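Read through the structure below, which is laid out as structure tokens, and then see the notes.
The values are calculated or read from the model by the stated rules, or taken from the named source; none is laboratory data. Only a predicted model underlies this, so the values are computations on that prediction, with no experimental measurement involved. Cβ atoms come from the backbone with ideal geometry, glycine included; neighbour counts cover every protein chain shown.
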Amino acid sequence: MLNFVSISDASTYVQHHLSHWQWNVKTGQFNGDAGFWTVNLDSMIIALFAAMLYMGFFGWVAAHVKAGVPGKVQNGIEMILVFVQKLVGESFHGKSKLIAPLALTIFIWVFLMNLMDLLPVDFLPEALSLFGVAHFRSVPTADPNITFGMSLWVFVLLVYYNFKAKGCCGLGREMLTKPFGKWLFPLNVAFRLLEDCVKPVSLSLRLFGNMFAGELIFILIALVPWYVQWTVGGVWAIFHILIITLQAFIFMMLTIVYLSMAQDTH
């Protein structure tokens, strides 16, 4: 950790910890200026690791389910399942076998990715620097590419459920006539497109903004003397646990609500 660093050193430190480990898809080079063809490898690796951890752990629990009195792990998982199913039952007005598993996956996956923010700031960058990795960010949800990617899939499901529930004619009629009547159909279409496009944008930016701010605060705390880090960092880490959980819950709930709105008429 850094103690009483100069402004230039602090700026370099922050910039280093906010730089991604990137790969140029076209040239195959690491940390090159590839523009559109840049892949943030650190975000992808941690996101895939969190997904595999979730699927592996829940798959292991499902394979070892016991009838009668469940163990502590099984009991905890069942409580989470019942909680998510209850939320879906209260918030989703249609009938779909996909929504509850989707909501559970979103909540656990986003929570695990957010949880990486509690790792010490220098832990992964210092460890991976031994293997020649110059930069590494460990919080995928502080990367807008990851949050936009998830929200775009929610948008795809939003369009799918609109067509499934209303059909092409019903959806077209709703877009042209609601809420101002058929004579103002250009305004109706503009409002509808704006409403649908804003949903994935707000969904992704909300998660990204909160997690990026949390990551930046941890980096700034790492610049102060160690005895201040333990005090301030400990308090912020305890508070940040609430943010981590709340952001995962909000992303899940908004996904359920948006898909429920797609099932309903205007």
(request) Could you figure out which of (1) more than 21 Å from the chain's Cα centre (by Cα); (2) of a type in the set (S, T, N, Q); (3) assigned to a loop (DSSP other than H, G, I, E, B) isn't true of Asn162? (result) (3)
(message) Which pairs turn up if I take residues in the range 187-210 that are farther than 30 Å from Met116 by Cα and look for partners that are among the basic types (Lys, Arg) and surrounded by 14 or more Cβ atoms within 10 Å (Cβ to Cβ) with beta carbon separation below 7 Å, at least 6 apart in sequence or on another chain?
(response) Asn188/Lys178
(request) Working carefully through the options Leu194, Leu158, Leu187, find the one that is modelled with pLDDT of 85 or more and surrounded by 15 or more Cβ atoms within 10 Å (Cβ to Cβ). (result) Leu158
(request) Please enumerate the residues belonging to the range 231-258 that are of a type in the set (A, V, I, L, M, F, W, C) and over 14 Å from Leu118 (Cβ atoms). (result) Val232, Leu246, Phe249, Ile250, Phe251, Met252, Met253, Leu254, Ile256, Val257
(request) Give the number of residues within the range 214-239 that are part of a helix (DSSP H, G or I), among the aliphatic types (A, V, I, L, M) and surrounded by 12 or more Cβ atoms within 10 Å (Cβ to Cβ). (result) 8
(request) Hey, could you check the range 37-68 for residues that are β-branched (Val, Ile, Thr) and over 22 Å from Val139 (Cβ atoms) and say which is surrounded by the most Cβ atoms within 10 Å (Cβ to Cβ)? (result) Val61
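Quick check on this structure: which one of Phe58, Phe36 is under 30 Å from Ser129 (Cβ atoms) and not charged (D, E, K, R)?
Every option except Phe36 fails the conditions.
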(message) For a quick check of your reading of the model, give me the residue pairs whose first member lies in the range 57-86 and is under 26 Å from Thr255 (Cα atoms), whose second is part of a helix (DSSP H, G or I) and of a type in the set (Phe, Trp, Tyr), with beta-carbon atoms closer than 8 Å and at least 6 apart or on different chains.
(response) Ile77/Phe58; Val84/Phe107
(message) So the check is Cβ under 7 Å with 6+ separation or different chains; which pairs have a first residue in the range 93-107 that's farther than 16 Å from Val82 by Cβ and among the β-branched types (Val, Ile, Thr) and a second one that's at pLDDT 80 or above and assigned to a helix (DSSP H, G or I)?
(response) Ile106/Phe251; Ile106/Met252; Ile106/Thr255
(request) Check off (1) part of a loop (DSSP other than H, G, I, E, B); (2) touching a Phe, Trp or Tyr at 6+ places or on another chain (Cβ under 7 Å); (3) polar (S, T, N, Q) for Ser138 and give me the number that stays unchecked. (result) (2)
(message) So Leu171 passes all but one of these: (1) over 19 Å from Ile146 (Cβ atoms); (2) within 17 Å of the chain's Cα centre (by Cα). Which condition number does it fail?
(response) (2)
